[in-house]
Amino acid sequence: MKYEKNRKHKFHIKEEDVIGALAEVIGSQGKDTHFLLSFDGAVYDTSLKSRMDTMDFCICLCLSMLILILTSPILLFALPEGHAIDVDRKHAAEVMADSTNYDTSLLVKGSRDNTPLCLVPTADGKEVYENQYAHVDASNTNQGYVIIHYTGESGKVKLRITGPDEITYTYDMATDGGKDEVFPLQAGNGTYLISVFENIEGLQYATVFTQEIEATLDDEFLPFLYPNQYVTFNADNQAIDYAEYLAYSANTDLDVVSNVYNALITSMTYDYHEAETVESGYLPKIDEVLTTGKGICIDYAVLMTAMLRSQKIPTRMEVGYAGTAYHAWLSTYIKDIGWINGMIQFDGKEWSLMDPTFASTTDTKKLANFIGDGENYKTKYIY
């Protein structure tokens, strides 16, 4: 055994020599030496059996790794991919998409009339403003809307409407001959400035039409009962049939709101792909949203808004900021309660933020923390 002198002139024995010596002594007595490890992890074992056990372990490990490598392509096919969808939510979406499931024969009829009422905007031609670029029918401003038709040749056109509240709404207009489009007078009574702009190049636009009109509404809720460019619906939509079904057992408007809200948040799935690829000017098609069972915030909000309006419940589709994110949600009006401004849970007395997107995709506790006192939500536009 070799001894060495260290820098402090003290003698010590090397670690590997100590372990080796112990292994020899213990091994000579027929005892197991597996517990003896050197500083580099090697086992000092004098028995052949010990060395054979180690070799067998290494062989088994190598064979296991080889089998895993060979079978990995098969395992890849068995693994799920994409966002996992809750089984109950998937089933609810399938039920919602199939109109044959809207069977009320086993339900108890509520005291409220659930017959749909889809108001239809008309261009009566009684009050018209036009030039070679635009045609504005203001015959029904008392009903809370105007109908505008672009008649020029530009491929990209913007419409701006500034109401008595001095908020300016900007819309993309239909081109290629255009079509009648409905725009709400959501600011109520007063003067509205209507302007049409044609794209010249890039972000440059030229004003081709401007006109002021006066509006005196028969009812302040009318702009939130009619369909418009953003919230498009009619009596032929499947979504309207679904709203009628959900409202069948309701006794009050509040029951309808609860039924529709709960049905959507338990069946709809947030579409992350659409969120990443959606383009400016996107307008939801409510039946497509209903039957696919997925969408982004504006899809959720527009679908629920259309369904409630068809049940004679004034509903505003609101766009603004949820924290720092540009977002869409809704508010609805209930008699004897008033406007439920942007709400999500009902405790029997009051709501707190009716945001169907967050309710269907966010953990309840996290959602409650985000909502707080509602300060995280800032409404910018109402449709």
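Key figures
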read-out	value
Qualifying position, being among the β-branched types (Val, Ile, Thr) and in contact with a Gly (Cβ under 7 Å, 6 or more places away or on another chain), among 289, 302	289
Verdict on residue 218 being of a type outside the set (Phe, Trp, Tyr) and either free of Cβ contacts under 8 Å to residues at least 60 places away in the same chain or within 21 Å of residue 128 (Cα to Cα) (or both)	yes
Selection status of residue 112, closer than 26 Å to residue 232 by Cβ, of a type in the set (D, E, K, R), touching a strand residue (DSSP E or B) at 6+ places or on another chain (Cβ under 9 Å) and surrounded by 16 or more Cβ atoms within 10 Å (Cβ to Cβ)	no
Filtered residues of the stretch 119-168 (kept if among the hydroxyl-bearing types (Ser, Thr, Tyr), within 16 Å of residue 215 (Cβ to Cβ) and touching a Gly at 6+ places or on another chain (Cβ under 8 Å))	139
Set 262, 189, 199, 237: member being assigned by TED's automatic domain parsing to the domain that holds residue 334 and either touching a strand residue (DSSP E or B) at 6+ places or on another chain (Cβ under 9 Å) or buried (at least 19 other Cβ atoms within 10 Å of the Cβ) (or both)	237
Residues of the stretch 260-292 satisfying the condition of being farther than 14 Å from residue 243 by Cα and acidic (Asp, Glu)	271, 274, 276, 279, 288
Tally of residues being buried (at least 17 other Cβ atoms within 10 Å of the Cβ) and under 28 Å from residue 245 (Cβ atoms) across the stretch 120-139	1
Residue satisfying all of: in the stretch 222-245; closer than 13 Å to residue 96 by Cα and hydroxyl-bearing (Ser, Thr, Tyr); nearest to the chain's Cα centre (by Cα) among these	242
Scope the stretch 276-287; condition farther than 17 Å from residue 237 by Cα and either without any contact (Cβ under 8 Å) to a residue 24 or more places away in the chain or buried (at least 21 other Cβ atoms within 10 Å of the Cβ) (or both); matching residues	276, 277, 278, 279, 282
Residue count for the stretch 202-234, restricted to those that are of a type in the set (Asp, Glu) and surrounded by 15 or more Cβ atoms within 10 Å (Cβ to Cβ)	0
Among residues of the stretch 172-191, those that are more than 17 Å from residue 123 (Cβ to Cβ) and either hydrophobic (A, V, I, L, M, F, W, C) or part of a strand (DSSP E or B) (or both), counted	4
Flag if residue 142 is in contact with a Leu (Cβ under 7 Å, 6 or more places away or on another chain) and surrounded by 11 or more Cβ atoms within 10 Å (Cβ to Cβ)	yes
Residue match in the stretch 246-261 (condition: under 15 Å from the mean Cα position of the chain (by Cα), more than 16 Å from residue 101 (Cβ to Cβ) and touching a residue at least 12 places away in the same chain (Cβ under 8 Å))	yes
Unmet requirement for residue 290, which otherwise passes all of (1) surrounded by fewer than 19 Cβ atoms within 10 Å (Cβ to Cβ); (2) at pLDDT 90 or above	(1)
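So that you can scan it fast, the table gives a plain yes or no per residue for (1) hydroxyl-bearing (Ser, Thr, Tyr); (2) modelled with pLDDT of 55 or more; (3) assigned by TED's automatic domain parsing to the domain that holds residue 311:
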| position | (1), (2), (3) |
| --- | --- |
| 59 | no, yes, no |
| 62 | no, yes, no |
| 68 | no, no, no |
| 92 | no, yes, yes |
| 97 | no, yes, yes |
| 108 | no, yes, yes |
| 112 | no, yes, yes |
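The values are calculated or read from the model by the stated rules, or taken from the named source; none is laboratory data. These numbers were taken from a predicted model, which means no experiment stands behind them. Reconstructed Cβ throughout: ideal geometry from the backbone, glycine too, with neighbour counts over all protein chains shown.
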